[in-house]
Amino acid sequence: MDLFDDLPPHPDAAPTPIAPGAVLLHGFACDEAVALLQAVEVVLQQAPLRHLQTPGGYTMSVAMSNCGSLGWVSSVNGYRYTACDPASHRPWPAMPACLLDLAQRAAAQAGYPQFAPDACLINQYVPGAKLSLHQDKDELDLLAPIVSVSLGLPAVFLFGTSSRKDRPQRHRLVHGDVVVWGGPSRLAYHGVNALADGTHALLGQRRLNLTFRCVR
Ligand code: MD6
Ligand code: FE
């Protein structure tokens, strides 16, 4: 038992490979987090967070919105990407330059130099909110990676294989961590355990996750 087991890796820690094609960049977004959050708040004024329905008839505990030319939505009719926010019937807000820039730098760092995301899903978790194991497979371009940015409260991220039966690995994601994930891992099942109580200096009792995708 090591006294330091519970400490997050230093932001300068070397990237942790989590599976073939998937890497955790510790603290990659830390220094620019305030600017990212300001840009996200502007997006959320145009396209507020909302709790979507699943095709199975559940209301998701995670609140969602989007920016970019396409946004991911779920309803009792299924999952899909849309050009307009179904709540306002207006196009999703444009992807702020600072978000796009961060996503492209993270992808390049992870070995995906040509990443051109057209969608950014914004997920907000409060204590108790969780995301069940799922695959992200609604994107046409399954060769492009997904870049996932964690801000605010820490979460336990579950990362399995492309078979739902395999027991997932668990990774603690803290403020500023970025996971880039593609190649052989692109269709891995993944999810987020129920968020623990806590208060983050910038975000209070929340975790925000931004996932950048290339849909078309
Ligand atoms: C989250 N992330 O971390 C949820 N999907 O809040 C995802 O569902 C996810 O982090 C695809 C790739 C990376 C992800
Ligand atoms: Fe996902």
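The values are calculated or read from the model by the stated rules, or taken from the named source; none is laboratory data. Computed from a prediction, not measured in an experiment: that's the story for all the values here. Glycine gets a Cβ as well: all are built from the backbone with ideal geometry, and neighbour counts include every protein chain shown. Keep in mind that these areas ignore ligands, DNA and RNA; they rest on the heavy atoms of the full protein, side chains included. Shrake-Rupley method; radii C 1.70, N 1.55, O 1.52, S 1.80 Å.
What do you reckon, is ARG216 closer than 30 Å to ALA83 by Cβ, more than 13 Å from ligand 1 (Cβ to nearest atom) and modelled with pLDDT under 95?
Taking the combined requirement at face value, the residue satisfies it.
Looking at region 118-128, which of its residues are open to solvent by less than 20 Å² (accessible area, probe 1.4 Å) and farther than 14 Å from ARG213 by Cα? Quick ask: steps written out before the conclusion?
Here is the first cut: in region 118-128, the ones open to solvent by less than 20 Å² (accessible area, probe 1.4 Å) are 119-123, 125.
Answer for region 118-128, where residues must be open to solvent by less than 20 Å² (accessible area, probe 1.4 Å) and farther than 14 Å from ARG213 by Cα: just TYR125.
Go through ALA188, ALA196 for me and flag whichever is part of a loop (DSSP other than H, G, I, E, B) and near ligand 1 (Cβ under 9 Å from one of its atoms).
ALA188
Name the single residue, out of those in region 162-208 being within 15 Å of ligand 2 (Cβ to nearest atom) and without any contact (Cβ under 8 Å) to a residue 40 or more places away in the chain, that is surrounded by the most Cβ atoms within 10 Å (Cβ to Cβ).
Checked region 162-208; the qualifying residue surrounded by the most Cβ atoms within 10 Å (Cβ to Cβ) is PRO168.
Yes/no per residue for (1) open to solvent by less than 10 Å² (accessible area, probe 1.4 Å); (2) within 15 Å of ligand 1 (Cβ to nearest atom); (3) without any contact (Cβ under 8 Å) to a residue 60 or more places away in the chain:
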| residue | (1), (2), (3) |
| --- | --- |
| ALA107 | yes, yes, no |
| PRO113 | no, no, yes |
| ALA116 | no, no, no |
| LYS130 | no, yes, no |
| ASP141 | no, yes, no |
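Mind checking whether some residue in region 189-211 is farther than 25 Å from VAL43 by Cα, modelled with pLDDT of 95 or more and touching a Phe, Trp or Tyr at 6+ places or on another chain (Cβ under 6 Å)?
Looking through region 189-211, at least one residue is farther than 25 Å from VAL43 by Cα, modelled with pLDDT of 95 or more and touching a Phe, Trp or Tyr at 6+ places or on another chain (Cβ under 6 Å).
Tell me which residues, restricted to region 97-150, are part of a loop (DSSP other than H, G, I, E, B) and closer than 21 Å to HIS200 by Cβ. Working first, answer last.
As a first pass, look at region 97-150 and keep what is part of a loop (DSSP other than H, G, I, E, B): 110-118, 126-130, 135-145.
Selection gives VAL126, PRO127, GLY128, ALA129, LYS130.
For region 181-188, state whether one or more residues are out of contact with any Asp or Glu (no Cβ under 7 Å at 6 or more places or on another chain), among the charged types (D, E, K, R) and at pLDDT below 95.
Within region 181-188, one or more residues are out of contact with any Asp or Glu (no Cβ under 7 Å at 6 or more places or on another chain), among the charged types (D, E, K, R) and at pLDDT below 95.
Tell me yes or no: at least one residue of region 107-118 is under 23 Å from VAL73 (Cα atoms) and within 16 Å of ligand 2 (Cβ to nearest atom).
Taking every residue of region 107-118 in turn, at least one turns out to be under 23 Å from VAL73 (Cα atoms) and within 16 Å of ligand 2 (Cβ to nearest atom).
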